[in-house]
Amino acid sequence: MAKRTIVTLPGDGIGNIVLNQTLRVLDAAGFEGDYIHGDIGWEFWCKEGNPLPQRTLDLIRKHKTALFGAITSKPNEEARAELNPDLQGKGYVYSSPIVGLRQKFNLDICVRPCKSYKGNPLNFIRKGKGNTFEEPVIDVVIFRQNTECLYSGVEWTNPPELVYKALMSHPKFVENFGGVPVEEISVSTRIFTKRATERILIAAFDYAEKYGYSSVTVCEKPNVIRETSGLMWRLAKEIQKSSYPGIKLLNTNIDAQMMWLTKNPEDYGVIVAGNMFGDIASDAFAGLIGGLGFACSAQFSADGIAVFEPTHGSAPKYADYEIPIVNPIAMIESACMMLDYLDEKSISVKIRRAVAEIILEGKTRTYDMMKMTGSQEVVKNGAASTIQMTDAIISKIR
C-alpha cells in the first residue's frame, strides 16, 4: 500500500517525547508513513502570538490526518506575560489550539475508548462476596460531542447591554440574578444544536451496531438541564426507535454515573454525552483502566479530517528530564485508532497485541504503573523509561 501522509503535531512538553516514540512503534509494525511536521503550541504563541498558525491549518486541511501530542495552556494574564515583548500590548488573546482545531475543522465527533488490559496493576478492583476481590473487565467507548456545550467559547464577564437585556427577558434570571450588578456577572452559554447532537448520537449507535455493543447510554442531566440535555435525550429516543431498535437505549445522569462507574463499570458499553459531561465521563472511566497514561482519543469532522491524540496534558515538569519517564501507551493507542481509521487494522492489531503482552508479562512498567511519584529517580528505582517501554513493545512486535 502507498505511503500515508500524516501531519505530526508534537506540541508542548512531553508531547514531542511520546510522539517520537510512537513513530518508532509504527515503523517497527510496518506502517508506511510520510510524516510532515506541523507547528503548534506554546512556542508559537510566545513568538508569533498564535499557538495555531495558519500554515499548520493548511497542512491539516490538505492531508486530512494528524497525530497530536499535547498542549500547554495558561490563564490569559500569564499567557500575555510570556509573549515576545514586541507583541505585548497589541491585543493578542490566547486560546487553546486544540479547541481551535476542533472549531476550525468542526471536529465534532470525539471517540474515547476506555478498555482495561489484563495484568495492568492500575486496573480498578472492588470487593466481592466475603473476602474476595473482583477485577471487572472494562470496555467502554465514550462518544463526546466536541464543538458545542460549555466549550463553545460563547461567554462574557460584565455582559454587554444587548446580552444583558436578553438574559433579563428570562423570568428565572430576573428572579435569581436581577438584583446583581451587571459588572459582577459572568455568563457561559451551554449550546446544543439539533444537527450536531444527531451526528454524535448516530455515530454512537453506528459504533455499537458495528462492534456488537448491546446498548447505548446517554449520560446527561435532562431532569435539570431540560433544554440542552433534554434535546439529546429526546433525539436519542427518536433515533433508536427509527433506526436501531435492536440496541438498548439507557439514560443516566452525569452525577449518578460517576457513582455507578465504580459500582458496575462492566455494565456499560457505548456512552454518548455533550462536550462537558463527555469530558468528565471519559476521564473518570480512564481512571478505572490505569489513568491518563492509557487514555487515547480520536476526533472526526464530517468532511474527512481526523486528529488522533492522547488525552493527557503536556506535563512540562517531566519534559526536560535527561531520561524521559512518561508512559507512551496512550499515544501509541491513539496511533492505533488512526490505523483503524486508515483501514490498516492488521497493523493496529499487531501493536495492541504487543502492548497487551508487555502489560500481562509485568516485567516492564513505567513509574505510573509502579505507583511511584514522578521524578528523575524512578528509573534508578526500577521503573521503565519512556524509551525502555517503547523498546519492549517493539520487541514483541518483531
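Exactly one residue out of 351, 325 is more than 30 Å from residue 63 (Cα to Cα), within 22 Å of the chain's Cα centre (by Cα) and buried (at least 19 other Cβ atoms within 10 Å of the Cβ), and it is 325. All conditions in (1) in a helix (DSSP H, G or I); (2) without any contact (Cβ under 8 Å) to a residue 40 or more places away in the chain hold for residue 384, with the sole exception of (1). Filtering the stretch 351-360 for residues that are touching a residue at least 24 places away in the same chain (Cβ under 8 Å) and not in a helix (DSSP H, G or I) leaves an empty set. Looking at 58, 39, 27, can you tell me which residue is in a loop (DSSP other than H, G, I, E, B) and free of Cβ contacts under 8 Å to residues at least 24 places away in the same chain? Only one candidate passes the filter, namely 39.
Only residues that are surrounded by fewer than 21 Cβ atoms within 10 Å (Cβ to Cβ) and out of contact with any strand residue (DSSP E or B) (no Cβ under 8 Å at 6 or more places or on another chain) were counted across the stretch 328-346, and they come to 4.
Screening 300, 308 for residues that are within 10 Å of the chain's Cα centre (by Cα), touching a residue at least 40 places away in the same chain (Cβ under 8 Å) and under 28 Å from residue 203 (Cβ atoms) leaves exactly one candidate, 308. Could you grab me the full set of residues in the stretch 61-93 that are in contact with a helix residue (DSSP H, G or I) (Cβ under 9 Å, 6 or more places away or on another chain) and free of Cβ contacts under 8 Å to residues at least 60 places away in the same chain? Residues satisfying the conditions are 73, 74, 79, 82, 83, 84, 87, 88, 89, 92, 93.
What tally of residues in the stretch 97-153 results from selecting those that are in contact (Cβ under 8 Å) with a residue 24 or more places away in the chain and not in a loop (DSSP other than H, G, I, E, B)?
Of the residues in the stretch 97-153, the ones in contact (Cβ under 8 Å) with a residue 24 or more places away in the chain are 97-124, 126, 136-153.
Add one more test, that the residue is not in a loop (DSSP other than H, G, I, E, B), and what stays is 97-104, 109-115, 126, 139-145, 149-152.
Total meeting the criteria: 27.
Here residue 60 meets the list (1) surrounded by fewer than 20 Cβ atoms within 10 Å (Cβ to Cβ); (2) touching a Phe, Trp or Tyr at 6+ places or on another chain (Cβ under 8 Å); (3) over 25 Å from residue 294 (Cβ atoms); (4) β-branched (Val, Ile, Thr) almost entirely, failing just condition (1).
Is it the case that some residue within the stretch 44-57 is aromatic (Phe, Trp, Tyr), in the same structural domain as residue 305 (by TED's automatic domain parsing) and within 22 Å of residue 148 (Cα to Cα)? Show your work before the answer.
Step one: of the stretch 44-57, the residues aromatic (Phe, Trp, Tyr) are 44-45.
With the extra rule that they be in the same structural domain as residue 305 (by TED's automatic domain parsing), the set shrinks to 44-45.
With the extra rule that they be within 22 Å of residue 148 (Cα to Cα), the set shrinks to none.
Taking every residue of the stretch 44-57 in turn, none turns out to be aromatic (Phe, Trp, Tyr), in the same structural domain as residue 305 (by TED's automatic domain parsing) and within 22 Å of residue 148 (Cα to Cα).
When residue 159 is tested against the conditions (1) outside the structural domain of residue 77 (by TED's automatic domain parsing); (2) free of Cβ contacts under 8 Å to residues at least 24 places away in the same chain; (3) more than 30 Å from residue 285 (Cβ to Cβ); (4) not polar (S, T, N, Q), the lone failure is (2).
Here residue 372 fulfils each of the conditions (1) outside any helix (DSSP H, G or I); (2) at pLDDT below 95 apart from (2). Every condition in (1) part of a helix (DSSP H, G or I); (2) out of contact with any Asp or Glu (no Cβ under 9 Å at 6 or more places or on another chain); (3) under 30 Å from residue 201 (Cβ atoms) holds for residue 79 except the one numbered (3).
Taking the criterion of being among the aliphatic types (A, V, I, L, M) and either touching a Phe, Trp or Tyr at 6+ places or on another chain (Cβ under 8 Å) or closer than 22 Å to residue 212 by Cβ (or both), the residues of the stretch 247-264 that qualify are 247, 249, 250, 254, 261.
Quick one: which residue in 65, 72 is of a type outside the set (Gly, Ala, Ser) and at pLDDT 95 or above? Walk me through how you get there before you give the answer.
Details: 72 fails: at pLDDT 95 or above.
From the options 65, 72, the qualifying one is 65.
Within the stretch 98-125, restricting attention to residues that are more than 27 Å from residue 195 (Cβ to Cβ) and either loosely packed, with under 14 Cβ neighbours inside 10 Å or of a type in the set (Gly, Ala, Ser) (or both), the residue that is nearest to the chain's Cα centre (by Cα) is 116.
Residues of the stretch 183-205 being in a helix (DSSP H, G or I) and buried (at least 16 other Cβ atoms within 10 Å of the Cβ), which ones? Even if it seems obvious, please write down each step before you answer.
The first filter runs over the stretch 183-205 and keeps only residues in a helix (DSSP H, G or I), leaving 183-184, 194-205.
Hits for the stretch 183-205 are 196, 197, 198, 199, 200, 201, 202, 203, 204, 205.
Of the residues making up the stretch 89-121, those that are closer than 21 Å to residue 300 by Cα and of a type in the set (A, V, I, L, M, F, W, C) are 98, 99, 101, 105, 107, 109, 110, 111, 114.
The values are calculated or read from the model by the stated rules, or taken from the named source; none is laboratory data. A quick note: this is a predicted structure, and the numbers were derived from the prediction, not measured. In this analysis, Cβ positions are derived from the backbone assuming ideal geometry, glycine residues included, and neighbour counts consider all displayed protein chains.
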